[in-house]
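The structure appears right after this line, and notes come after that.
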Amino acid sequence: MEENREEQEIEKTETGGIAPDAEETSAPGYQTRIVFFLKDLFEGEIVSFDFIYRKWKACLILLILLFCYIGNRYNCHRKMAEIERLRTRETELRYEATTLSSELTGVSRPSQIEKLFEEKGIDIHSPKTPSYKLKRKSYEE
């Protein structure tokens, strides 16, 4: 009888102070653990010091994972804002490059260059006769 009582005391300490019924002892250990966990959860004993003391390693890991999650989310938002800012800057630079390219094309036309020479008083004109085309003999070995 004393041995039976000691076994109940051991089970009582393992289950958090609640002695299991005869029906629960016949059920597999996994199901009784779930039942006791749910009972502790609904009774509010999950936030008690005893629960945290027994499960301090799991609570510490959970806390570390929570901090990692928050830090990762913050870092992700910051990088997304930076990417959006850089995309906007890229679009602005593309528009500016297109504008400058079209201005350069307009200024570098031969007619514009001749007009600029006339305004500055430089006596350079485009040739009226076509240039000579030099033909090279092919060397056969």
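The values are calculated or read from the model by the stated rules, or taken from the named source; none is laboratory data. Every value quoted in this text rests on a predicted model; they were computed, and no experiment measured them. Using ideal geometry, Cβ is built from the backbone for each residue, glycine included, and neighbour counts are taken over all protein chains shown.
For region 80-127, enumerate the residues that are in contact (Cβ under 8 Å) with a residue 12 or more places away in the chain and surrounded by 10 or more Cβ atoms within 10 Å (Cβ to Cβ). Explain how you work it out, then say what you get.
Start the filter on region 80-127 by keeping residues that are in contact (Cβ under 8 Å) with a residue 12 or more places away in the chain, which leaves 110, 114, 126.
Residue satisfying the conditions is E114 alone.
Would you check which residues across region 92-141 are β-branched (V, I, T) and in a helix (DSSP H, G or I) and list them? If you could, list the steps in order and put the result at the bottom.
First pass over region 92-141, keeping only residues β-branched (V, I, T): 98-99, 105, 107, 113, 122, 124, 129.
The answer is T98, T99, T105, V107, I113.
Has region 57-80 got at least one residue that is closer than 30 Å to D40 by Cβ, outside the structural domain of F37 (by TED's automatic domain parsing), aromatic (F, W, Y) and in a helix (DSSP H, G or I)?
Checked region 57-80: at least one residue is closer than 30 Å to D40 by Cβ, outside the structural domain of F37 (by TED's automatic domain parsing), aromatic (F, W, Y) and in a helix (DSSP H, G or I).
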